[in-house]
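Working notes, structure below.
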Amino acid sequence: RALTPAAQPLAGRHVLVTAGPTHEAIDPVRYIANRSSGRQGYAIAGALAKLGARVTLVSGPTALQTPPGVSRVDVESAREMADAVEAALPADAAVMVAAIADWRVEAAPLKRAKADMGDRLELVANPDILATLGHSPRRPRLLVGFAAETHDVINHAAGKRARKGADWIVANDVSGDVMGGTANAIHLVTENGVESWERMDKDLVAERLAERIAHALA
Ligand code: CTP
Ligand code: CA
């Protein structure tokens with residue numbers, strides 16, 4: 001590794017990134033989902049590839065182009081994402097940026113008529129992919145989660161870091177107009193405390209985070 005060029009500090013490393021929303025089918029024409037453009041996750045995947053990593057991007061439905069040098073696995077639902085993450089292991093690091101739907105619905109194979117649906121959905125909890133990985137024997141050496149929060153940002157993120165067995169949580173303050181936008185206000189929560197970054201472009205957040213990951217794996 002002493003011969004690795006400085007510009008490719010992640011050469012020889014495999015990094016797994018999840019991004020985008022998941023779609024949980026109600027029937028063939030309807031779904032529930034979380035709000036996510038996928039931009040931050042795709043930018044991180046691209047930045048990691050630029051630093052020489054082999055990157056597997058497990059992506060929910062987005063309208064984005066695959067970044068150069070990234071190998072992408074498309075999924076729809078949280079359970080498909082969980083399977084694709086498992087299949088992509090082992091990894092030196094994982095960055096779980098996806099906005100995974102917390103629940104799914106027992107999907108109907110045929111379209112349900114509005115009149116027959118009633119006004120309630122029966123929800124079933126989805127698996128927690130980050131927490132599963134965090135407590136798995138195949139846990140990547142560096143495990144990074146995201147948390148999009150509207151309030152109590154740092155407390156919520158610190159709780160998730162502990163509960164899910166993550167090394168870092170990138171807490172994203174979405175109280176403004178971040179969703180779908182091009183900038184993010186980030187607090188990096190680690191074992192050493194909290195680092196607050198000035199509001200910056202998602203591409204710059206990605207570059208900074210990729211550099212931190214390279215440093216942590218060095
Ligand atoms: N996550 C996951 N699997 C889930 C839900 C979340 O892997 N079923 C991951 C996300 O990709 C993210 C982190 O966990 O990296 C935090 O997601 P978030 O939705 O903020 O956490 P939840 O535990 O679902 O808590 P909340 O009640 O705030 O939604
Ligand atoms: Ca959630």
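The values are calculated or read from the model by the stated rules, or taken from the named source; none is laboratory data. Given the structure is predicted, the values throughout are model-derived calculations rather than measurements. Here the Cβ is made from the backbone with ideal geometry for all residues, glycine too, and neighbour counts use every protein chain on show.
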Taking P68 as meeting all but one of (1) free of Cβ contacts under 8 Å to residues at least 24 places away in the same chain; (2) farther than 18 Å from P127 by Cβ; (3) in a helix (DSSP H, G or I), write down the number of the exception. (3)
Tally up the residues in the range 24-37 that are closer than 29 Å to L204 by Cβ and more than 12 Å from ligand 1 (Cβ to nearest atom), please. 2
For the subset of the range 73-108 comprising residues that are without any contact (Cβ under 8 Å) to a residue 24 or more places away in the chain and more than 16 Å from ligand 1 (Cβ to nearest atom), which member is farthest from T22 (Cα to Cα)? E106
Of the numbered conditions (1) out of contact with any Leu (no Cβ under 7 Å at 6 or more places or on another chain); (2) over 20 Å from A131 (Cβ atoms), A78 fails exactly one; give the number of that condition. (2)
Find the residue count for the range 141-186, including only residues that are part of a strand (DSSP E or B), closer than 25 Å to H14 by Cα and away from ligand 2 (no atom under 14 Å from the Cβ). 6
Residue in the range 44-57 that is assigned to a strand (DSSP E or B) and away from ligand 1 (no atom under 16 Å from the Cβ) present: yes
Flagged pairs (Cβ under 9 angstrom, 6 or more apart or on separate chains; first in the range 115-128, closer than 30 Å to E86 by Cβ and at pLDDT 95 or above; second aromatic (F, W, Y) and surrounded by 10 or more Cβ atoms within 10 Å (Cβ to Cβ)) are L123/W103; V124/W103; A125/W103; N126/W103
Among residues belonging to the range 120-161 that are within 17 Å of I100 (Cβ to Cβ) and acidic (D, E), point out the one that is farthest from the chain's Cα centre (by Cα). E149
Residue satisfying all of: in the range 60-87; surrounded by fewer than 20 Cβ atoms within 10 Å (Cβ to Cβ) and of a type in the set (G, A, S); nearest to A47 (Cα to Cα) among these: G69
Determine whether the range 100-113 contains at least one residue that is closer than 26 Å to I169 by Cβ and surrounded by fewer than 19 Cβ atoms within 10 Å (Cβ to Cβ). yes
In the range 47-59, which residues are crowded, with 24+ Cβ neighbours inside 10 Å and either within 16 Å of ligand 2 (Cβ to nearest atom) or more than 12 Å from P21 (Cα to Cα) (or both)? A47, L48, A53, V55, L57
Going through the range 126-150 in order, the residues found to be polar (S, T, N, Q) and either crowded, with 21+ Cβ neighbours inside 10 Å or more than 7 Å from ligand 1 (Cβ to nearest atom) (or both) are T132, S136, T150
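With the condition kept exactly as written, say whether any residue in the range 48-60 is more than 14 Å from A93 (Cα to Cα) and either among the aromatic types (F, W, Y) or touching a strand residue (DSSP E or B) at 6+ places or on another chain (Cβ under 6 Å) (or both). Step through it out loud before you land on a result.
Step one: list which residues in the range 48-60 are more than 14 Å from A93 (Cα to Cα), which gives 50, 59-60.
When the remaining residues are screened for being either among the aromatic types (F, W, Y) or touching a strand residue (DSSP E or B) at 6+ places or on another chain (Cβ under 6 Å) (or both), the result is 59-60.
Looking through the range 48-60, at least one residue is more than 14 Å from A93 (Cα to Cα) and either among the aromatic types (F, W, Y) or touching a strand residue (DSSP E or B) at 6+ places or on another chain (Cβ under 6 Å) (or both).
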Whichever residue in the range 92-110 is in contact with an Asp or Glu (Cβ under 6 Å, 6 or more places away or on another chain) and in a loop (DSSP other than H, G, I, E, B) and, among such residues, is farthest from ligand 2 (Cβ to nearest atom): A108
